[in-house]
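**Student:** Below you will find the structure I want to go over with you.
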Amino acid sequence: MKAFTRLFDELDSTTSTLEKVAALKRYFKQATTDDSLWAVLLLTQKISRRVITSATLKKIFLTATEYPEWLMTESYEQVGDTAETVALLLRSLGYARPDTKESETESSLTEWMTNRIPQLANFQTLEEQGDVLLSWWKDLSADEIFILNKLMTGGFRVGVSDKLVIRALSELFEVPSDRVAHRLTGVKNASDITFSEIISKEEITTASNQPYPFCLAHSWASRVDQDWSSEDWCVEWKYDGIRSQIIARDQQLWIWSRGEQDISNSFPDLLKLFEPLRTLNDGTVIDGEVLIVKDGHIESFQELQKRLGRKKPSPAVMKENPVGFVAYDCLEFEGQDLRELPLQDRRKYLKRALKNFKTEQIKISEAHEVKNLDELEKLRSQSRENSAEGLMIKHWHSPYTVGRKTGSWWKHKIDPLTLDAVLIYAQAGTGRRANLYTDYTFALWTEDKDGKRTLVPFAKAYSGLDQAEIDELDKWIRRHTREKFGPVRSLEAQQVFEIGFEGVLRSSRHKSGLAVRFPRILRWRHDKKPEDADSLETAEALL
């Protein structure tokens, strides 16, 4: 635990990529293979061991220490994180082991993850759990307590990407990064793979249902090269569904999402549609988008949401929301890995794999011929009319790489829909933003039959302002608060912001009757008065 805590501190205290990679390499060089495996799974967020909630952790702390609840609440509002608040209070109360004192019973990360943390779930009462936790806390430093608390509540996060962890392993053990990434894709338990398998220089046998790492795209706006040769690029619609891989191996079928979730049970009707793939082209993997398709028309993501999270959807749900699939790519065909082939060749295999599919629920993504950049922009402007959120632009000669590789794949999304809305509520953030009001609620005007105008909550947004604007707005919020409702402040309706979003849909769960997709702040409209903000009628017109 001490070594893992030291690694966390090193990763959390720098923004330098090189320093993060160096810290990771130092850790993996000295750690045992078991601890290294757990570190990889935790750092890449492939696994968590939540045995108690943050609320329970708070109750256990209060019960075990008899600390005043009001004082802990005040402390939490300053810190913004229960795990860290408990760790800091334990240090101030003298429960934590001093940093200068060595642990009497140092336990490995593996011991904590496989034995000690799961053991906590065996105790039924807060008093029993408190007795156990107090004995653990007294043998740990405050920093180690913080890590333990995070691991117990399943909230462990640190500022390092999967890509950096894979890079460190690749450089230290001299294994190609793509191979490491592939071995980790789809891993959900420590029993799924060993650390020796992750870093092996030899080929290893992977599970039949294991997906490939997804190839991702950069934003077209960041592209520097403005040349365009139409014969070099495959231009497709970018659909708003669930990016997934259909895997047919060993006479079985699976569906894996880009988020590395096996979603097969949620879409049994899609598995049934792909039954010919299992019987005719076993050993085939197809990349594409899961969507709702009714009468040949692609429905909104809101309709797809009705299918998400259902482990066993009812016949009625499947009938009302029939699933479909748009195929983009073929990564494996009859046992042959195609990822190093150029896209134009992989598309030929895709057509071979799906040639016997005679259903409007499954189709191959159409490649559009675009002669110049003006035509590209014209096609993009037609995205919404074609149930798409923009374009995918892929080089015909590109291989199917791991993650984002500059130059090969680009996404060119449609410009967001926008409305000018009034800020009416604010709430403090969490973690490092616990002392700043960074969570905002915005409203639009509505008018009753008597002509009286009122503001109706319309959207919440958390991103889009730079740090200077956040600081300025935080000061304004504190000076112009009308009422407080717990952590939420009701504000004077004075500030107008331009809010961008991907789409607007009807929703009976929202007071406005509308819901928006991916709202974010585009700019602070200092030039507008609140009475000039948009209305719900304007939002209805967008809908």
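The values are calculated or read from the model by the stated rules, or taken from the named source; none is laboratory data. As the structure is a computational prediction, the values presented were derived from the model and not from experiment. Cβ sites come from the backbone with ideal geometry, for glycine too, and all protein chains shown count toward neighbours. Note: areas computed on protein heavy atoms with side chains; ligands, DNA, RNA excluded. Shrake-Rupley method; radii C 1.70, N 1.55, O 1.52, S 1.80 Å.
**Student:** I'd like to check something: does segment 44-56 contain any residue that is part of a helix (DSSP H, G or I), among the β-branched types (Val, Ile, Thr) and surrounded by 18 or more Cβ atoms within 10 Å (Cβ to Cβ)?
**Tutor:** At the first step, the residues of segment 44-56 found to be part of a helix (DSSP H, G or I) are 54-56.
Still in the running and among the β-branched types (Val, Ile, Thr): 56.
Filter once more, so that each one left must be surrounded by 18 or more Cβ atoms within 10 Å (Cβ to Cβ): none.
Checking segment 44-56: not a single residue is part of a helix (DSSP H, G or I), among the β-branched types (Val, Ile, Thr) and surrounded by 18 or more Cβ atoms within 10 Å (Cβ to Cβ).
**Student:** Show me the helices (runs of 4 or more DSSP H) found entirely inside segment 258-326 where at least 3 residues are within 30 Å of Leu338 (Cβ to Cβ).
**Tutor:** Numbers: elements: 268-273, 275-280, 301-305, 315-320.
Output list reads 268-273, 275-280.
**Student:** Restricted to segment 520-543, and to residues that are touching a residue at least 60 places away in the same chain (Cβ under 8 Å) and assigned to a loop (DSSP other than H, G, I, E, B), which residue is least open to solvent (accessible area, probe 1.4 Å)?
**Tutor:** Ala533
**Student:** While we're looking at this one, here's another question. Filter segment 473-488 down to the residues that are in contact with a strand residue (DSSP E or B) (Cβ under 6 Å, 6 or more places away or on another chain) and crowded, with 17+ Cβ neighbours inside 10 Å and list them by number.
**Tutor:** Selection gives Asp474, Ile477.
**Student:** Here's something else I'd like to know. Among the candidates Leu291, Leu273, Leu304, single out the residue that is crowded, with 18+ Cβ neighbours inside 10 Å, under 13 Å from Ile362 (Cβ atoms) and under 26 Å from the mean Cα position of the chain (by Cα).
**Tutor:** Details: Leu273 fails: under 26 Å from the mean Cα position of the chain (by Cα); Leu304 fails: under 13 Å from Ile362 (Cβ atoms).
Going through Leu291, Leu273, Leu304 in turn, the sole match is Leu291.
**Student:** Same structure again: Working only within segment 2-26, note down all residues that are open to solvent by less than 10 Å² (accessible area, probe 1.4 Å) and either in contact with a His (Cβ under 7 Å, 6 or more places away or on another chain) or in contact (Cβ under 8 Å) with a residue 24 or more places away in the chain (or both).
**Tutor:** Passing the criteria: Phe4, Thr5, Leu7, Leu11, Val21, Leu24.
**Student:** Can you confirm whether Leu37 is part of a helix (DSSP H, G or I), touching a residue at least 40 places away in the same chain (Cβ under 8 Å), within 29 Å of the chain's Cα centre (by Cα) and within 19 Å of Phe8 (Cα to Cα)?
**Tutor:** Yes: the conditions hold for Leu37.
**Student:** Going by what's in this entry, would Asp35 be described as open to solvent by 30 Å² or more (accessible area, probe 1.4 Å) and within 30 Å of Gly186 (Cα to Cα)?
**Tutor:** no
**Student:** If we keep just the residues of segment 179-193 that are touching a strand residue (DSSP E or B) at 6+ places or on another chain (Cβ under 9 Å) and either modelled with pLDDT under 90 or in a helix (DSSP H, G or I) (or both), which is surrounded by the fewest Cβ atoms within 10 Å (Cβ to Cβ)?
**Tutor:** Lys188
**Student:** Looking only at segment 489-519, count every residue that is basic (Lys, Arg), closer than 23 Å to Thr438 by Cα and either at pLDDT 95 or above or surrounded by fewer than 18 Cβ atoms within 10 Å (Cβ to Cβ) (or both) and tell me the total.
**Tutor:** 2
**Student:** Something else: Pick out the one residue from Gln129, Gln124 that is within 18 Å of Arg50 (Cβ to Cβ) and open to solvent by 60 Å² or more (accessible area, probe 1.4 Å). Walk me through it before giving the result.
**Tutor:** On the way: Gln129 fails: open to solvent by 60 Å² or more (accessible area, probe 1.4 Å).
Criteria check complete, one pass: Gln124.
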